[in-house]
Amino acid sequence: MDILLADWLGKPLWMWSGFLAIVFLLLAFDLGLLNRGEREIGIARSLRLSAFYIGFACLYGVAVWWAFEAGHLTTTDGAHAGVTYFTGFFIEKALSIDNVFVISLIFGFFAIPPRYQYRALVWGILAVIVLRGLMIGVGAALLKEYGWVLYVFGAFLIATGVKMLIVPEANPDVAKNPLVRFLKTRMSVTDALHGERFFVRLPDPATGKTLLHATPLFLALIVINVADVVFAVDSVPAIFAITTDPFIVFTANIMAILGLRALYFALAAMVHRFEHLKTALALVLVFIGAKIFWNQLVGKLDPAISLGVTLALILGGVAVSLWKTRGGPTTADDAGARPEAADRPC
């Protein structure tokens, strides 16, 4: 039992293992009970599942707030821990909305029907938990040894936000993605899907021997995970700019990602209606990056102010987007935003 009390990144190991146990129980409940079989998730069901995940994440945030305040975890002020958790959660949740468009392009390119997409997203989330954990661990170690790295994070966030504001956004061309080309030259890939399977064994036309082939669903999974690493380059520094506590950073990050699979099916159908959210996200990144320099050079900004500004910008971006696109197409198909299945490379 002593090992559970051992310190890891500033918190006892039981805290980390307990949180991971909650995560995997949620995933098992989601995949095993809520989504048995190859069933599509409609918009209404997607929104209900999203409300469940957001509600659970908020309850977890309240529990963190209470536990820190009561001194059960550390001597850290509970209000500060709770506010920073919610700020990080909402930032990551908003940034994940921007990811949805890229994920929908990838699924469309590989012609993955909705009934198979949920499995790729679940396995993708498992990979994200590991990759985000590694990135957060490296970031925490760097900040502990080299405090000036926080300034690098701040400058990077400001530069990224300004770039999002002034550089026109172009749709990524999955067909020209070097990773897709590399995978197709190094692996045997089937021309068609084989249900929800990532790999199948098929005879080689040349030799007649049975060989292991990857399916388009597996290629989509790999490309989505690589895309998430690219997105994490923005989101991880953004949360470290809120707090340098690795536990708060990791839990807020993962709680926001857990509900992405459920939220995806609703957002993928309506993503064209959030065209002005990019501006709000850019302003959030600039604000968070500037806050680093303010905290270090002027004085500590109240975390409640950070949370209020972040929420105001995100909700404002959503409200303006919905108002500007009112009366337009109600789904991505109506707006012509979904790539045609004929573009599939396999």
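Does Val174 satisfy the criteria of being surrounded by 14 or more Cβ atoms within 10 Å (Cβ to Cβ), among the hydrophobic types (A, V, I, L, M, F, W, C), more than 19 Å from the chain's Cα centre (by Cα) and more than 26 Å from Phe247 (Cβ to Cβ)? Break it down stepwise before answering.
Numbers: surrounded by 14 or more Cβ atoms within 10 Å (Cβ to Cβ): yes; among the hydrophobic types (A, V, I, L, M, F, W, C): yes; more than 19 Å from the chain's Cα centre (by Cα): yes; more than 26 Å from Phe247 (Cβ to Cβ): yes.
Yes, satisfied.
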Considering each residue of segment 117-148, count those that are at pLDDT 85 or above and hydroxyl-bearing (Ser, Thr, Tyr), and give that number. 1
Here the residues within segment 102-157 that are in a helix (DSSP H, G or I) and among the hydroxyl-bearing types (Ser, Thr, Tyr) are Ser104, Tyr116, Tyr118, Tyr151
Determine whether segment 160-170 contains at least one residue that is part of a helix (DSSP H, G or I), farther than 30 Å from Ala280 by Cα, modelled with pLDDT of 90 or more and not charged (D, E, K, R). no
Meets criteria (touching a helix residue (DSSP H, G or I) at 6+ places or on another chain (Cβ under 6 Å) and either free of Cβ contacts under 8 Å to residues at least 40 places away in the same chain or within 17 Å of Gly289 (Cβ to Cβ) (or both)) for Leu121: no
For segment 240-250, check the following and say yes or no: at least one residue is farther than 30 Å from Leu142 by Cα, in contact (Cβ under 8 Å) with a residue 40 or more places away in the chain, surrounded by 15 or more Cβ atoms within 10 Å (Cβ to Cβ) and not hydroxyl-bearing (Ser, Thr, Tyr). no
Looking at Leu322, is it in a strand (DSSP E or B) and either closer than 27 Å to Lys163 by Cα or not polar (S, T, N, Q) (or both)? no
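Is segment 163-185 home to any residue that is farther than 25 Å from Asn99 by Cα and either in contact with a Ser or Thr (Cβ under 6 Å, 6 or more places away or on another chain) or of a type in the set (D, E, K, R) (or both)?
So the first thing to find is which residues in segment 163-185 are farther than 25 Å from Asn99 by Cα, and the list is 185.
Add one more test, that the residue is either in contact with a Ser or Thr (Cβ under 6 Å, 6 or more places away or on another chain) or of a type in the set (D, E, K, R) (or both), and what stays is none.
Within segment 163-185, none of the residues are farther than 25 Å from Asn99 by Cα and either in contact with a Ser or Thr (Cβ under 6 Å, 6 or more places away or on another chain) or of a type in the set (D, E, K, R) (or both).
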So for segment 282-296 (the condition being under 19 Å from Val128 (Cβ atoms) and surrounded by 21 or more Cβ atoms within 10 Å (Cβ to Cβ)), does at least one residue qualify? no
Count, please, the residues in segment 177-213 that happen to be in a loop (DSSP other than H, G, I, E, B), polar (S, T, N, Q) and within 25 Å of Phe107 (Cβ to Cβ). 3
Single match in Phe86, Phe107 (criterion: touching a Cys at 6+ places or on another chain (Cβ under 8 Å), surrounded by 21 or more Cβ atoms within 10 Å (Cβ to Cβ), at pLDDT 80 or above and closer than 21 Å to Ser50 by Cα): Phe86
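The values are calculated or read from the model by the stated rules, or taken from the named source; none is laboratory data. Owing to the predicted nature of the structure, the values given are computational and were not obtained by experimental measurement. Every residue, glycine among them, receives a Cβ derived from its backbone with ideal geometry; neighbour counts consider all protein chains shown.
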